[in-house]
1. Taking loop as defined by DSSP and a crowding limit of 12 other beta carbons within 10 Å, which chymotrypsin sites (Phe, Trp or Tyr not before Pro) in the range 81-170 fit?
2. Near Lys336, which lysines are there with a Cα under 21 Å away, not counting those fewer than 8 places off in the same chain?
3. With Cβ to Cβ distances under 12 Å as the rule, what net charge do the other residues near Val350 carry (K, R +1; D, E -1)?
4. Using +1 at the Cβ of each Lys and Arg and -1 at the Cβ of each Asp and Glu in the range 190-241, identify which of Gly224, Asn206, Ser234 lies farthest towards the dipole's positive end.
5. Please report the spacing between the Cα centers of the range 78-145 and the range 165-186 in Å, no decimals.
6. In debye, nearest 20, what is the charge dipole magnitude of the chain about its Cα centre with +1 on Lys and Arg Cβ and -1 on Asp and Glu Cβ, if you could check?
7. Quick one: dipole size for the range 230-281, taken about the Cα centre, charges +1 on Lys/Arg Cβ and -1 on Asp/Glu Cβ, in debye to the nearest 20.
8. Check cross-link reach from Lys341 to the aspartates and glutamates: straight Cα distance under 17 Å, and skip same-chain residues fewer than eight apart.
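The values are calculated or read from the model by the stated rules, or taken from the named source; none is laboratory data. Quick caveat: nothing in here was measured; it's all calculated off a predicted structure. Virtual Cβ from ideal backbone geometry, glycine too; neighbours counted across all protein chains shown. Quick note on the areas: whole protein, heavy atoms, side chains included, nothing else; ligands and nucleic acids left out. Shrake-Rupley method; radii C 1.70, N 1.55, O 1.52, S 1.80 Å.
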Amino acid sequence: MKKLFSCFAVICFALTASAQYQVENSDFESFLSNGEPNRWHGFKSATGSFAGMAKGTLNSSTDVRPGTTGGKSAVITSGSVFGIINNGTFTTGQLAAGSMSATNTANHAEMDKSSTATDKNGDKFYMPLTGHPDAVTVWIKFSQGTPNSSHPYASANAVIFDGSYYQDPEDKAYTNKVAMAKNVTIATCDWTEFTIPFDYDSYKSNVGVTNYNSNGGAILVTFGTNATPGKGSSGDQVFVDDMVLVYNSELASVTYNGSNVTLASAMDLSSESYDESKLSLTHNAKGNAKIEKSYDEATGILTITVKGEDCVSDGLYGANLNNYHTYTIQFKTYEKGDVNKDGTVSIADVTALVNMILGKTEKNEMADVNADGDVSIADVTALVNIILGKN
């Protein structure tokens, strides 16, 4: 198994009965006897009346991206039949070869949760996904058999949808899409890591969004040797390695008392008293990232932890305990007994404390002078002892 990194967080697989946050075998280390990567499919698994004529091939390769500890990648190669270029294509779904015309949408990758079709390993042509990834990262190496300046690009496309039938390229307007990450301008390159963000905003009104958010859905990922069907040349090759779905786990903004705070791993509000009601935090994830807060009254330090949607510290998000970022904010600290927070401990603090106990003013974190978890007359005694120098 290869080690895959995003930011400082180790991204690992989350393959549980209730949640799945990565695509299986996306490091392309496991291959079936027919040469296809486990859970990925090329023309050898294709359906359609012209499936047996398709010439694009999918195989394993020992040409791998730099810095990896794994020994394999996937490689797709285009071919031609009767002078028509068959783009090399592979997918998490099933390929359909339904037409001799390269541009006919009867030639596509498809996925449908209700389908009972299975691949050579007995798995359905279906890749479940629970999370809302922010981007996909993938290593790609691309070359053209014969350079074609009019159609020079390979393609990568990932579509998150509700699990009902979907195909790429589309034959109609599909309203079951949730998000799409697409790059159709992958030029000739040696091993290069691409980061492709998911677009959720364009599909907010789709009917599939509700089903996906409630029950999870699927992800159809497709790689092709040319972004335009039937173009390119015979012998075009795309090598693919180490694809990772990235779940953000960082703060996007901090405001306190209505004012923006300069975002950093350590922030300074030492001139301000901590009041949680005045604090507003947002994260940068599309999905259900979680913000946790812990305030230390003794030091005035607020610790904020942002956990990615695939983080499982509370058993809800998947299997990536390391996908989190931590921030601190330094707030103003007060001397013990400074109940009214005027910078000195005096009889004025006794008056302030009595008013809090009587419900005339709102209690603050300094009111529990004896630190027993309650604000009562015992705190008045403790405060008087502090003023008299007895405590």
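1. Numbers: sites: Phe82, Phe90, Phe125, Tyr126, Trp139, Phe142, Tyr153, Phe161, Tyr165, Tyr166; in loops: Phe82, Phe125, Tyr126, Tyr153, Tyr165.
Those that pass, being in a loop and sparsely packed, are Phe82.
2. Lys363, Lys390
3. Combined, the nearby Lys, Arg, Asp and Glu give -3.
4. Asn206
5. For the range 78-145 versus the range 165-186, the Cα centre distance is 12 Å.
6. Details: 27 positive and 42 negative charges, 275 e Å.
The dipole of the chain has a size of about 1320 debye.
7. That gives the range 230-281 a dipole magnitude of about 220 debye.
8. By straight Cα distance, Lys341 reaches Glu272, Asp275, Glu276, Asp296, Glu297, Asp349, Glu362, Glu365, Asp368, Asp379.
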